[in-house]
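Data first, discussion second: the structure below is written as structure tokens.
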Amino acid sequence: MNPISNKITFVGSDFYTSGYLANASYGGATADQVTIDSATQVTATWTYGLPPLDLDTVPELWFNQTGTSVRHYAKISTTLKKTLTVTSATSGLTCSFAGGCKLEVTADGLSTILRNDSVNNFISVCDETCTFIESESTATKSVCKLPKISTVYSNENFKIETEKEDLRFRKTFGNIKEVK
């Protein structure tokens, strides 16, 4: 295997060259395109970059027989480790309380993990999620839209967020006699 920022080249023997579709995944992210180059080489491409995983991971390569559910997995003993490295990010960004400005982060494969699992993988600003913009992101650059920022001033003047519960008049319960 020869990984680059958005590809893995699988080199082996006896790969299916006809009657099968090749598939590949790395760290749970399925390749967007897999090409059977020959009986000894298959190239898998992730449009938004090979996802960074900070642990040794075995990529998967399998062949689906056309028109059936038959699947053949290639035996792989090599592991890959791709650490997340942020090389730059938008600096000096000034945005209003209303948000909407775009933040760019340069890191190979970050877009793949943001796209594939936005619940667990996201960029946050002031404890708020910066919404991933897939259409403006690439294999090396992730773009997200900054959220509205709630402050006393922005809430009073722009109604960014409203009070959800008035905690000043809450009713207490129970009696604590001792804490150990």
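Right, Thr30: within 22 Å of Thr138 (Cβ to Cβ), modelled with pLDDT of 95 or more, of a type in the set (Val, Ile, Thr) and not assigned by TED's automatic domain parsing to the domain that holds Val152 or not?
yes
Looking at Phe158, is it modelled with pLDDT of 70 or more, over 30 Å from Tyr26 (Cβ atoms) and surrounded by 13 or more Cβ atoms within 10 Å (Cβ to Cβ)?
Taking the combined requirement at face value, the residue satisfies it.
Quick one: is Cys144 in contact with a Pro (Cβ under 8 Å, 6 or more places away or on another chain) and either part of a strand (DSSP E or B) or not assigned by TED's automatic domain parsing to the domain that holds Tyr48 (or both)?
It is false that Cys144 is in contact with a Pro (Cβ under 8 Å, 6 or more places away or on another chain) and either part of a strand (DSSP E or B) or not assigned by TED's automatic domain parsing to the domain that holds Tyr48 (or both).
Using the structure shown, decide if Thr47 is of a type outside the set (Lys, Arg), more than 24 Å from the chain's Cα centre (by Cα) and either surrounded by 13 or more Cβ atoms within 10 Å (Cβ to Cβ) or assigned to a loop (DSSP other than H, G, I, E, B) (or both).
no
Please state which one of Thr83, Thr66, Thr30, Thr57 is at negative phi, exposed (fewer than 15 other Cβ atoms within 10 Å of the Cβ) and in contact with a Gly (Cβ under 6 Å, 6 or more places away or on another chain).
Thr66
At pLDDT below 95, over 12 Å from the mean Cα position of the chain (by Cα) and not assigned by TED's automatic domain parsing to the domain that holds Pro51 - does that describe any residue in segment 110-120?
Within segment 110-120, not a single residue is at pLDDT below 95, over 12 Å from the mean Cα position of the chain (by Cα) and not assigned by TED's automatic domain parsing to the domain that holds Pro51.
Can you tell me which residue within segment 122-138, out of those that are out of contact with any strand residue (DSSP E or B) (no Cβ under 9 Å at 6 or more places or on another chain) and in a loop (DSSP other than H, G, I, E, B), is modelled with the lowest pLDDT?
If we filter segment 122-138 for residues that are out of contact with any strand residue (DSSP E or B) (no Cβ under 9 Å at 6 or more places or on another chain), which is where we start, we get 126-128, 138.
Keeping just the survivors that are in a loop (DSSP other than H, G, I, E, B) gives 126-127, 138.
Values: Cys126: 81, Asp127: 84, Thr138: 94.
Within segment 122-138, the match that is modelled with the lowest pLDDT is Cys126.
Got a number for residues in segment 69-113 being among the hydrophobic types (A, V, I, L, M, F, W, C) and in a loop (DSSP other than H, G, I, E, B)?
The number of residues fulfilling the criteria is 11.
Mind checking whether some residue in segment 1-13 is touching a helix residue (DSSP H, G or I) at 6+ places or on another chain (Cβ under 7 Å) and in a loop (DSSP other than H, G, I, E, B)? Don't jump to the end; show me each part of the working.
As a first pass, look at segment 1-13 and keep what is touching a helix residue (DSSP H, G or I) at 6+ places or on another chain (Cβ under 7 Å): none.
There is no residue in segment 1-13 that is touching a helix residue (DSSP H, G or I) at 6+ places or on another chain (Cβ under 7 Å) and in a loop (DSSP other than H, G, I, E, B).
The values are calculated or read from the model by the stated rules, or taken from the named source; none is laboratory data. Just so we're clear, the structure is a prediction, and the values are computed from it rather than from any experiment. Cβ: placed from backbone, ideal geometry, glycine included. Neighbour counts: every protein chain shown.
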